[in-house]
Each structure stands twice: as C-alpha cells, then as structure tokens.
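The next block holds one structure in the form of structure tokens; read it before the comments.
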Amino acid sequence: MFGKPKINPHEEDLKKLMEYMKEATAGKAPTAEAEDFHDPALAAGFNALIRSNYTANNVFVMRMNDAMKEIGDSSVVKNMIEEVNSQAEVVNQIHSSGEELEHSITNVQNAVSNIRKSSDNLIKTTHECAGEITDSITTIEASSTEVNEINTKLLTFRDNAANITKIIDQIKDLADNSSLLALNASIEAARAGEAGRGFAIVAQQMGELSNNTTACADSVVKYIDELLGSLDTLAASVKDTTKHLQEGTEHVAQSVKNMDRMTSKLDEMNTDIDAIFREINTQSTLTEDFIALGNTVAKGFERLDAECFNTGEHLFKISRRVDGVRSDMARGRAELTQLDWITVFEVDHLIFTWRQYNNLVGFEHLKIEQVNNPKGCKLGKWMAAQTDKKITSSPAFKQTYDYHNDLHRHAVDCFNASAKGNREEALQHFEKAYDSYKQLLGALGDLRRVMKSAGYSEETPIKKA
C-alpha cells in the first residue's frame with residue numbers, strides 16, 4: 001500500500017550545498033563536484049563563489065602585506081627612542097656636570113674666604129711689624145746719637161791724654177835738670193869734704209828723685225801711648241758702629257717703605273678678592289638656577305622617554321594585530337601564488353627583524369625558540385618544500401638560504417645580548433641583523449626574477465587605496 005517516499009531533488013541539492021558551505025566556513029576551500037548535485041549549475045555557482053571569495057582575500061592579504069611594509073618598519077620608533085635616550089644621557093651628563101660645578105664653586109668660595117682671612121691677618125701682621133720697625137728706627141737713631149756723643153767724648157779724652165804727654169815731657173826736662181844739679185851738688189860736696197856731707201846726702205836724694213821721676217815719666221808715657229792707641233782703635237770702632245747704625249737705619253727705613261707698599265698691594269688684592277668673591281657668589285646662584293633647570297629638563301626627558309616608549313609600544317601592538325590578521329588570512333582564507341609568497345616572506349622578515357628591537361626595548365618578550373628557528377619559519381618551510389630544479393639550483397636560491405640563516409643567527413646574538421642586559425652589544429647585533437635582512441631582501445628580489453623566468457608568472461595585483 002505504501003510506496004517509497006518521493007525524493008525532492010531540490011532539498012537534496014540544498015542539503016549538499018549546506019555541507020559545502022560549512023566546510024568553507026570552517027576555513028577549508030572545498031571544490032563542489034557536479035555529480036553531487038541534481039542541478040550541476042549549483043556546483044559551478046558554488047565553485048565560482050569560492051574562487052571569487054579567495055581571489056578577493058588574496059587581494060586583501062596582499063594589500064595588508066603592503067601596509068605592513070610601512071607598519072612593520074619601526075625605524076622611526078627606533079630613531080625616536082634612541083634619540084631620546086641619547087639626549088637623556090646628555091641631559092644627565094649636563095646635570096652631573098652642573099652638580100660638579102656647584103661643588104667646585106663651593107670649594108672655590110671656601111678657598112677665597114680663607115685667602116681673604118689670611119690676607120687680613122697678613123695686613124694686620126704687616127702693620128704691626130711696620131710699627132715695631134718704626135720703633136726700632138727710633139731706638140737706633142737714639143743709639144746713634146749716644147754713640148756720636150761717646151765718640152765726641154773719646155776725642156776729647158784723647159786730646160787730654162795728648163796734653164798729659166806734653167806735661168810728662170816737661171817733667172822729664174825738670175828731672176834731667178834736677179839730675180844735673182844733683183851731679184853738680186855731689187861734686188861740690190866732695191870738694192867741701194866733711195862740711196859738705198849733708199849737702200852730699202841731699203845731692204844724692206835729688207839724683208834718686210830725678211831718676212825715679214824719669215822712670216815714672218817713661219812709664220806714664222808708655223801707658224799714655226798704649227791708651228792713645230786703644231783710644232784710636234775705639235774711636236775707629238765707634239765710627240764704624242755709627243756708620244753701620246746709619247746704614248741699618250736707612251735699610252730699616254727702606255724696609256718700612258717696602259712694607260707700606262706691600263700693605264697697599266695687599267689692600268688692592270683684598271679689593272680684587274672681594275670682587276672675585278662677589279662674582280663667585282653670583283656664579284653660585286646661577287649654577288643653582290642651572291641645576292634647578294636641569295632637574296626640570298631631566299624630569300621632562302623622563303616623561304618624554306615614557307611617552308615615546310608608550311607610543312612605540314602602542315604602534316607595536318597595532319602592528320602585531322594587523323600582522324595577525326594578515327597571517328591568518330594568508331594561511332587559511334586565501335590561495336596565494338608562489339610569487340605572492342615571496343612578497344609575503346619579504347614583509348615577514350622585515351617584521352621578524354624589527355621584533356628583535358622590540359624585544360630589546362621591552363615592547364614584547366620573545367623566546368629563543370621564536371628566534372633560533374630558521375627552518376621552522378614560513379620561508380624556511382617553503383624553501384624546504386621546493387622541488388623545481390630551476391629554482392633550487394639558482395644562485396639566488398642559495399643566497400636566499402644563506403642570508404636567511406645569517407639573519408636568524410644575528411637575531412639570536414641580539415636576543416642573547418639583550419638577555420644579559422648588554423644594550424650596546426644587542427644594538428650592534430640588531431644592526432647586523434638589519435643588514436642581513438637587506439641582503440635577504442635583495443636575494444628574494446633576485447629569486448622572484450628567477451621564478452618569473454621559470455614560468456611562475458601568476459601574481460595577485462595590489463590595488464592601491
């Protein structure tokens with residue numbers, strides 16, 4: 001009674017079409033077979049839709065890839081950050097120099113103050129010495145006057161001593177006369193005999209007196225001569241003393257004049273020192289203002305450095321998000337040509353290179369496995385999968401392989417230096433990595449020409465916005 005249910009071909013075609021749509025939605029690129037449909041036109045339409053979608057996605061991916069050439073190049077960010085860092089170092093050096101200058105000025109202030117005190121003490125001591133020397137001059141002049149008076153008395157005494165010699169000469173003359181009289185008296189007494197004995201005694205006594213007088217006179221003359229010699233020596237000594245006192249007085253007076261001039265110079269020097277001290281105080285004030293301004297500038301550079309870092313980090317995050325969309329679309333939502341992939345590899349390694357700098361400055365934190373993996377990246381896998389001898393045997397393919405390895409090697413060196421905290425060394429390795437990227441870029445360009453010569457001509461055109 002009951003027959004088989006009647007099959008609706010439209011429902012079956014719709015069901016099969018939905019299955020293909022689910023595969024397409026899952027990221028696959030199914031090709032509908034005509035025999036799976038009652039209406040083969042549905043398969044053709046679905047395939048045309050899928051091809052159209054993937055063609056559109058190819059254009060989108062390549063436009064995104066083109067955009068990433070600009071977004072992925074962080075040279076502007078690097079120049080900004082490095083310049084700010086460099087200027088910040090200069091500001092810090094200026095600030096340190098300002099502090100050293102302030103310290104030096106303080107030392108100079110203290111030194112000048114000590115010089116000023118020493119100069120005041122020296123002037124005071126000089127005035128005291130000048131006063132004492134002036135008193136000494138007065139004393140020397142008084143002594144000179146006394147010595148002159150002594151010299152005058154010595155000359156008078158010498159004249160008196162000379163007069164004594166004259167008197168002694170007269171006494172000696174009298175003694176000689178007395179001796180002659182005594183001789184005559186002795187002769188007469190001898191003639192008188194006994195009557196002249198008394199007279200003879202007197203004559204004898206007169207002779208002895210005359211002899212004694214002569215002897216005494218000779219002794220006095222001798223002593224007087226010695227006295228006169230001593231007086232002459234003493235007079236000469238007193239004369240020399242007077243001369244030396246006069247010369248000493250002149251020298252001391254000249255010393256007083258010199259000390260007066262020195263005191264005057266010291267007063268002038270004190271005036272100059274006071275001017276220097278005022279100038280140093282002014283410099284100290286200016287230095288304090290300079291240091292305060294330096295602190296303000298340093299803080300401004302700290303804020304600028306933070307803002308540059310934040311800007312660079314923000315651009316990095318935008319770049320990573322855009323690159324994520326590009327990569328996802330390239331792998332699962334598009335069917336790129338061989339030449340398209342060469343263009344993608346160029347941008348991939350531009351981004352890879354700059355990620356090393358981003359890791360250095362702290363925008364992201366890479367792992368060594370992400371860096372030291374030349375065979376695991378898309379280019380490494382692509383090169384390993386190539387079998388066309390026209391491509392693999394070309395010098396451009398070999399150069400691409402070598403420069404690609406060089407880029408990863410320098411990137412590893414940059415990563416390791418950065419991990420050790422050696423920023424300067426990491427920057428040097430980054431520059432080497434960037435040079436290797438430029439060499440790789442040239443080799444990929446040569447490889448593209450080789451592929452075109454080998455017949456790989458299909459390439460997605462990029463429509464500029």
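What follows is calculated from the coordinates using simple rules that are stated; it is not laboratory data. Because the structure is predicted, anything quoted here is derived from the model rather than measured. Glycine also receives a Cβ, built like all others from the backbone with ideal geometry; neighbour counts cover every protein chain displayed.
Tabulated data for the structure shown
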{"quantity": "Inter-label distance for residue 128 and residue 272, nm, one decimal - labels placed 7 Å from Cα along Cα-to-Cβ", "calculated": "2.6 nm"}
{"quantity": "J(HN,Hα) series, the stretch 82-87, from Karplus relation 6.51 cos²θ - 1.76 cosθ + 1.60, nearest Hz, glycine and proline x", "calculated": "5, 5, 5, 4, 5, 5"}
{"quantity": "Sorted by Cβ density within 10 Å, fewest first, the residues 377, 414", "calculated": "377, 414"}
{"quantity": "Label-point separation in nm, residue 232 to residue 184, each point 7 Å along Cα→Cβ", "calculated": "4.0 nm"}
{"quantity": "Potential lengthening between residue 33 and residue 47 on full extension [0.36 nm per residue; Cα-Cα distance subtracted]", "calculated": "4.1 nm"}
{"quantity": "Whole-number D in µm²/s for the stretch 41-92 (Stokes-Einstein; Kirkwood sum over Cα pairs; 20 °C, 1.002 mPa s)", "calculated": "146 µm²/s"}
{"quantity": "Two-site FRET efficiency, residue 438 against residue 375, from Cβ-Cβ distance with R₀ of 25 Å, rounded to 0.05", "calculated": "0.70"}
{"quantity": "Most to least packed among 384-390, 452-458 [average Cβ atoms within 10 Å]", "calculated": "452-458, 384-390"}
{"quantity": "Over 29 Å between alpha carbons, listed pairs 381/438; 375/438; 367/389; 367/452; 378/432", "calculated": "367/389; 367/452"}
